[in-house]
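K.L.:
Dumping the structure here so I can ask a few things about it.
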Amino acid sequence: MKVKNLKSSLLICSALLLSSTNNTFADAASGSISATAAVVGSCSFTASAMEFGTLNRTSGGTKTATSTITPNCTAGLGYTITSGAATTTLLLDGTSALAAGQILFPLTRTDTTLTLASSANGITGIGTGSATEASTTITGTAASANTKLSGAYSASVTLTITY
Amino acid sequence: MTIKNLKSSLLICSALLLSSTNNTFAAAGSATMLASGTAVGTCSVTASAMAFGNLNYGSAKTTTSIITPSCTLGINYTVTNAGGDPTLTTGNGVGAANQILFPITITSSGSGGSAGAAFTLLNAANGYISGIGTGSASSSGLSTLTGTAVDASSKTIGDYTATVTLTITY
């Protein structure tokens, strides 16, 4: 290495040394924003009675009746109404355990042929904030009472609205 | 001149120096003065809560957060978002029904940044807040960010929270 080059190197080293002594470089710190929100809303609904009247005792003859489902949900809130029961059965005196005292009445949405007993086939909509919002009719089809015992039959079907 | 030659020259010079002891010649010398300095200062940043309250069905909802840097007098600072568009979550936070986006834009950026720009790390070149410290939390300049929570339709009922991490560089 030549002396001239050696001197140059020393000067550069000195300069670097000076520039790095006790100097402060860009630094960083952090803070945060806390964000909060709430999604609120509620739903209820009513269902009119499904009145079959006098059941058909003719062999193979079924009878239908309807019930009107009227949701009442917060405006904009999406909802689904389903039946939790896979099957629905009218029972003699409301309690009979005998086959002859039981009459099936599967439920379907009037606007479709799908059973209501499935969340995929449920009644869906978006709330308007009014109890008079679009109602939906469901149809029950009571099986033939041909071989059934005489008497008063009844059932209670629990529907669920999720939102 | 090579190192070998330099050594030889030094030996010769030393010999000359020894032989000239007690002689007086005109002389010159040099010394080095080291100079150093330290620029000191700190910054921190706080932000008011971004409280949306009850979200809307069918429309977005906005709210703001005030960003308050606190920097040593004269320090230049820049505040950026450490992430992307933030998300409010509820429950386990899994699934779209439990997540609500709330993109943040700059409402007022202090002396730098662009009002209306997306406040994300990806857009940090425009979406930032900057200023010069005055040594006071309140006088460093108040800047405002606006969060816009999307339509809450189809979202799970409940309380939602999120934390947005800010970075202040100085």
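K.L.:
When the label point is put 7 Å from the Cα of A:THR141 along its Cα-to-beta-carbon vector, which residues of the stretch A:26-69 have a backbone N closer than 19 Å?
P.N.:
A:50-68
K.L.:
Inside 10 Å of the C-beta atoms of B:154-162, what's the mean count of C-beta atoms belonging to other chains?
P.N.:
Counting other chains' Cβ atoms within 10 Å and averaging over B:154-162 gives 5.
K.L.:
To the nearest whole number, what is the average tally of beta carbon atoms from other chains within 10 Å of the beta carbons of peptide A:75-85?
P.N.:
Mean partner shielding for this stretch: 2.
K.L.:
Using only C-alpha positions, report the orientation-averaged shadow area of the convex hull of the stretch B:52-97, nm², one decimal.
P.N.:
Dividing the Cα hull surface by four gives the mean projection, 5.5 nm².
K.L.:
Can you pull the one-decimal nm distance between simple spin-label points at B:ASN54 and A:ALA75, each 7 Å off the Cα toward Cβ?
P.N.:
Each label point is offset 7 Å from its Cα along the Cβ direction, giving 1.1 nm.
K.L.:
Relative to the compact-globule scaling 2.2 N^0.38 Å, provide the ratio for the alpha-carbon radius of gyration of the stretch A:43-162.
P.N.:
Compactness ratio reported: 1.15.
Laboratory data are not the source of any read-out in this text; all were calculated from the coordinates shown. From a predicted model like this one, the values you see are computed outputs, not experimental measurements. Ideal geometry is used to build each Cβ from the backbone, glycine not excepted, and the neighbour counts take in all protein chains shown.
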